[in-house]
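Here, each number is a calculation from the coordinates, and none is a lab measurement. Since the model is a prediction, treat every value here as computed from it, not as a measurement. All Cβ positions, glycine included, derive from the backbone under ideal geometry; neighbour counts span all protein chains shown.
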Amino acid sequence: MNETLLLIQCAVIGFSIALPVGPVAILCIRRTIANGIIAGYATGIGATLADTIYGAIAVYGVAFVADFLLEHQKGARIVGAAILIGMGIYYVRHRTPNVGDPVADDREHQITTLLRFFFSAFAITLFNPLTIGAFAAVFAAAGISAMVDTYARSMIAIAGCAIGAAAWWFLLCMVSQAARRYFSGNSLQWLNWVSGGLLLMLGAFIATSLVVPTSWLPF
């Protein structure tokens, strides 16, 4: 198979799997509008890294890792739900600075803030083990697994997944940055309440799925 075509195909897969609007997308939009596009990029890069890890597991067909993740998905969901509920409470109670503040309300610790944004998005995405199932299913349907018969091609496939996922987060950040001009003062506080409320609901849905079967949930 042509390596360029493989790269493009895997990029489309990575973009498609990152595309559904979930908790990280809510965080990315909120952080870009409230804290600036760099904060949004930090969030997107964290999610991209987690997606790339799952893509690599699917490419290499590391069955025991995939089985372990799926077997312990209940524990992962508990952690993921706790993170979402905690962040939801924080954003509902937190008062945002005015638009134009570079990264958070703590100028002396901008790098720490960006790292916090990065790792929170990484953790939320990583504690969604169903992502590995999504990559495996799409790769199987597209016949990717049979095509990556060399180390070079496997690396191209992984790079494609990373490029595709990063492209989605870049696009989302650009759109959110364009919307910043419409937010200030009270509208920013409303953004906090809405985004925090959505995170709380998603966390509650995941927690509910641990007790009551909810196969319709997308995570």
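Highest mean first, the peptides 30-37, 120-127 sorted by other C-beta atoms within 10 Å per residue fall in the order 30-37, 120-127. For segment 111-120, putting each phi into the Karplus relation 6.51 cos²θ - 1.76 cosθ + 1.60 with θ = phi - 60° gives couplings of 5, 4, 5, 5, 5, 5, 4, 4, 6, 5 Hz, in residue order, rounded to whole numbers and with x for Gly and Pro.
Seen from residue 43, the other residues with C-beta closer than 14 Å to its C-beta sum to a net charge of +2, counting Lys and Arg as +1 and Asp and Glu as -1. Here each label is just a point 7 Å from Cα along the line to Cβ, and for residue 2 and residue 194 those points are 4.3 nm apart. Segment 1-62 and segment 114-180 have Cα centres lying 4 Å from one another.
Say R0 is 35 Å: what FRET efficiency, to the nearest 0.05, do residue 142 and residue 78 get from their beta-carbon distance? Can you show the working numbers first?
Working: r = 32 Å, r/R0 = 0.93.
FRET efficiency, residue 142 to residue 78: 0.60.
Efficiency by 1/(1 + (r/R0)^6): what FRET value for residue 149 and residue 179, r their Cβ-Cβ distance, R0 = 41 Å, to the nearest 0.05? Calculated transfer efficiency: 0.35.
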